[in-house]
Ligand SMILES: [Cu+2]
């Protein structure tokens with residue numbers, strides 16, 4: 001009887017620690033990062049967010065005013081570089097990866113953000 005009680009206690013202890021470990025690794029498996037991504041409007045926003053949401057990314061939110069993409073992802077599944085490459089593929093420049101000219105030119109004309117780096121505002125109209 002004493003042995004059974006000991007085994008039951010042991011099993012309970014192991015189960016509890018495994019559960020605690022699982023919870024701990026769950027909370028550390030997500031990394032949040034803010035990345036600058038060029039773009040202009042709501043249409044850019046949906047394209048950028050769609051491109052950013054690859055496997056392992058739990059949250060991608062681009063702010064059209066600050067041009068910052070808030071990214072939450074699992075670092076063991078995906079890297080920030082991979083997400084930025086995916087965004088560059090659809091035509092938007094990120095901090096680390098530039099879109100190809102072809103991808104940039106295939107964007108709707110209103111979405112062709114200023115690539116010269118000069119903050120000239122109001123030179124071209126935004127898409128509504
Ligand atoms: Cu746009």
Quick calc: nm separation of the 7 Å Cα→Cβ label points for residue 95 and residue 72 -> 1.9 nm
Simple spin-label estimate for residue 106/residue 32, 7 Å along Cα→Cβ, in nm, reads 3.4 nm
So the FRET efficiency between residue 114 and residue 50, C-beta based with R0 = 25 Å and rounded to 0.05, is 0.65
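Computed from the coordinates by the stated procedures, all read-outs in this text should not be read as laboratory data. Because the structure is a prediction, the values reported are computed rather than measured. Please note: Cβ atoms are built from the backbone with ideal geometry, for glycine as well, and neighbour counts cover all protein chains shown.
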